[in-house]
1. Is at least one residue of the stretch 18-25 at positive phi, touching a residue at least 12 places away in the same chain (Cβ under 8 Å) and surrounded by 15 or more Cβ atoms within 10 Å (Cβ to Cβ)?
2. Failed condition for Gly4, given (1) at pLDDT below 95; (2) out of contact with any Asp or Glu (no Cβ under 9 Å at 6 or more places or on another chain), with all others met?
3. Within the stretch 10-21, which residues are over 10 Å from Ala39 (Cα atoms) and either of a type in the set (Val, Ile, Thr) or in a helix (DSSP H, G or I) (or both)?
4. Tell me which residues, restricted to the stretch 33-50, are without any contact (Cβ under 8 Å) to a residue 40 or more places away in the chain, of a type outside the set (D, E, K, R) and within 13 Å of Ile10 (Cα to Cα).
5. In the stretch 22-76, what residues are in a loop (DSSP other than H, G, I, E, B), in contact with a Leu (Cβ under 6 Å, 6 or more places away or on another chain) and of a type in the set (A, V, I, L, M)?
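The values are calculated or read from the model by the stated rules, or taken from the named source; none is laboratory data. On a predicted model such as this, the values are computed, not experimentally measured, just so you know. Heads up, the Cβs are rebuilt from the backbone with ideal geometry, glycines too, and the neighbour counts pull from every protein chain shown.
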Amino acid sequence: MSSGEKITKIEIDRELCIGAATCVALAPGVFALDKENKAYVVDENGADQEMIRLAAESCPTKAISLFDKEGKQIYP
C-alpha cells in the first residue's frame with residue numbers, strides 16, 4: 001500500500017457478512033460481531049494499516065470495503 005492509499009474509512013456490507021469472524025480474529029480492536037453475528041467497526045484506528053488490510057482480505061465474502069482519504073475504494 002502506498003502512502004496515497006492510507007485507509008481512512010472502513011465499511012461492512014451486512015448483506016454479505018456471514019459472521020465468519022476472521023476480521024475479528026485478526027483485528028479485534030477494529031472489528032466485532034453483533035448479536036446477529038454480523039461484523040461491525042468498533043474503532044477504525046484500532047489496528048495498524050497492514051492488519052486492517054489483512055483482516056479485510058481475510059473476509060470470505062469480501063464484505064469489508066476500505067477507502068482512502070479521497071473516498072476512493074482501495075479494497076476490494
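1. Quick first cut of the stretch 18-25, residues at positive phi only: 19, 21.
Within this subset, residues satisfying the condition of being touching a residue at least 12 places away in the same chain (Cβ under 8 Å) are 19, 21.
Those still in the list that are surrounded by 15 or more Cβ atoms within 10 Å (Cβ to Cβ) too: 21.
Yes, because at least one residue in the stretch 18-25 is at positive phi, touching a residue at least 12 places away in the same chain (Cβ under 8 Å) and surrounded by 15 or more Cβ atoms within 10 Å (Cβ to Cβ).
2. Looking at each condition in turn, Gly4 falls short on (2).
3. Across the stretch 10-21, the qualifying residue is only Ile10.
4. Taking the stretch 33-50 as the starting set, the residues that turn out to be without any contact (Cβ under 8 Å) to a residue 40 or more places away in the chain are 33-48.
Okay, now just the ones that are also of a type outside the set (D, E, K, R), so 33, 37, 39-42, 45-47.
Passing the criteria: Ala39, Tyr40, Val41, Val42, Asn45, Gly46, Ala47.
5. Applying the first criterion (in a loop (DSSP other than H, G, I, E, B)) to the stretch 22-76 yields 27-30, 34-38, 42-48, 59-63, 68-72, 76.
After this cut, where a residue has to be in contact with a Leu (Cβ under 6 Å, 6 or more places away or on another chain) as well, the list is 61, 63.
Result: Ala63, single match.
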